[in-house]
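Reviewing the structure listed below.
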Amino acid sequence: MTDLAPWAARPDPSRGRLHPEPESGSRRPFQRDRDRIVHSSAFRRLQYKTQVFVNHEGDFFRTRLTHSLEVAQIARSVARELRLDEDLTEALALAHDLGHPPFGHAGEEALAAAMKPFGGFDHNAQSLRVVTLLESRYAAFDGLNLSWETLEGLAKHNGPLRRPPPYVAEYDGRHPLALHTFASAEAQVASLADDIAYHSHDLDDGLRAQLFTPADLAHLPVVGEALAEAARASLDVPPPRLQHETIRRVINALVVDLVDESRRRIAALEPADADAIRHARKAVVAFSAAMAEKNRAIKDFLFARMYRHWRVNRMTAKARRLTAELFALLHADTALLPDEWRGRAGESGTARAAQAVADYIGGMTDRSARDEFLRLTDLAVPG
């Protein structure tokens, strides 16, 4: 492990776990958190959950699992440069998408609409719900019983929560996570590594899917420069290699800016410890103002040319409708749920049933949600 900076989160001592456990002599608390996340059922299911393209559309497109692994790689590299705890950073990167339902943003939009009368649905809050309640692996407690620092980072990696979602507020009442402050620098790194991974791999997947061409990227900040540099350095190489050369330069440019700006902010703050990071007036891990503006231009391009492309729109419309109808069927008649979930749901049509159905659907993969819908609606498919 890199020699930790004074402002890094400290595994020894950690602020502990909700349910006290004897710590392992060979593994530090954040290492155990990371390992528990990797071995969880929710993490395995990310392999078959949509990023942008539905899982069956192609073997080479990203899924939630491959995205999480890419985020973890970027986050760990940045953490090393800033002398932060790499294990905590990696644990947060690997866990940040555990609460995503099937079918990506389409599935989340459908569940959020269905759950609006019952407190809503938010994938960040659902990630906390997964690791504190829904994972059932241990005899002594529900969830994974992760360290305080990991739970804090999951709850507020995007910044202080002035109006936390209902489950986050409920959990905070039992195990306070200081929701009014920033999270650790490690959590801030994981959050922005997510942005870097999103931009780079969505550009890559969009090119693979032929939603746009390299020529369409030439005007984009960062991307156009990376494309020109790759072309100069890779004369006469086939297009797939030029594409890879471009994307890796985009990642490098974003990472270098993030590290440089974060070092500048940390130096200006002169934090004595991790709590100084939490109580700072603004995030200390950030892109420069110029790079943040360039990132917005990349995001706008991807929104217009990829996320709202007619081919993507068709699939997301179908996925949104399927998710909404599946929720409506199960909420109206909880007798259709498997035994364990029927016991959680109780009486049909209630708020309790709605939460159980949202948890049930939220834990599905694209494929299992589609299969479940067919079992409930197609007489030719065995129930």
TODO: Kindly list the number of the only condition in (1) touching a residue at least 40 places away in the same chain (Cβ under 8 Å); (2) surrounded by fewer than 20 Cβ atoms within 10 Å (Cβ to Cβ) that fails for P160.
DONE: (1)
- [ ] Tell me, yes or no, whether region 195-204 has at least one residue that is at pLDDT 95 or above and assigned to a loop (DSSP other than H, G, I, E, B).
- [x] no
Task: All positions within region 113-150 that are in contact with a His (Cβ under 9 Å, 6 or more places away or on another chain) and within 26 Å of F287 (Cβ to Cβ) - done: H123, N124, S127
- [ ] Kindly establish whether M306 is among the hydrophobic types (A, V, I, L, M, F, W, C), outside any helix (DSSP H, G or I) and closer than 21 Å to A110 by Cβ.
- [x] no
Task: Residue count for region 101-127, restricted to those that are free of Cβ contacts under 8 Å to residues at least 24 places away in the same chain and surrounded by fewer than 20 Cβ atoms within 10 Å (Cβ to Cβ) - done: 2
Open item on the list: Going residue by residue through region 137-147, is there one that turns out to be under 19 Å from D35 (Cβ atoms), in a helix (DSSP H, G or I) and touching a residue at least 60 places away in the same chain (Cβ under 8 Å)?
Closed with: no
Task: Sole residue being without any contact (Cβ under 8 Å) to a residue 60 or more places away in the chain and β-branched (V, I, T), chosen from V130, V168 - done: V168
Task: Given (1) loosely packed, with under 15 Cβ neighbours inside 10 Å; (2) touching an Asp or Glu at 6+ places or on another chain (Cβ under 9 Å), number of the condition N313 does not satisfy - done: (2)
TODO: Name every residue in region 91-118 that is of a type outside the set (A, V, I, L, M, F, W, C), on the phi < 0 side of the Ramachandran plot, in a helix (DSSP H, G or I) and in contact with an Asp or Glu (Cβ under 9 Å, 6 or more places away or on another chain), in order of residue number.
DONE: G107, E108
Open item on the list: Can you report the number of residues in region 325-372 which are assigned to a helix (DSSP H, G or I), within 21 Å of T63 (Cα to Cα) and not aliphatic (A, V, I, L, M)?
Closed with: 9
Task: Residue pairs meeting the criteria (Cβ under 8 Å; at least 6 apart or on separate chains; first on the phi > 0 side of the Ramachandran plot, in region 346-364; second part of a helix (DSSP H, G or I)) - done: G346/T334; G346/R352; G346/A353; G346/A356; G349/H331; G349/A332
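The values are calculated or read from the model by the stated rules, or taken from the named source; none is laboratory data. Source: prediction; values computed, not measured. Note that each Cβ is placed from the backbone with ideal geometry, even for glycine, and that neighbours are counted across all protein chains shown.
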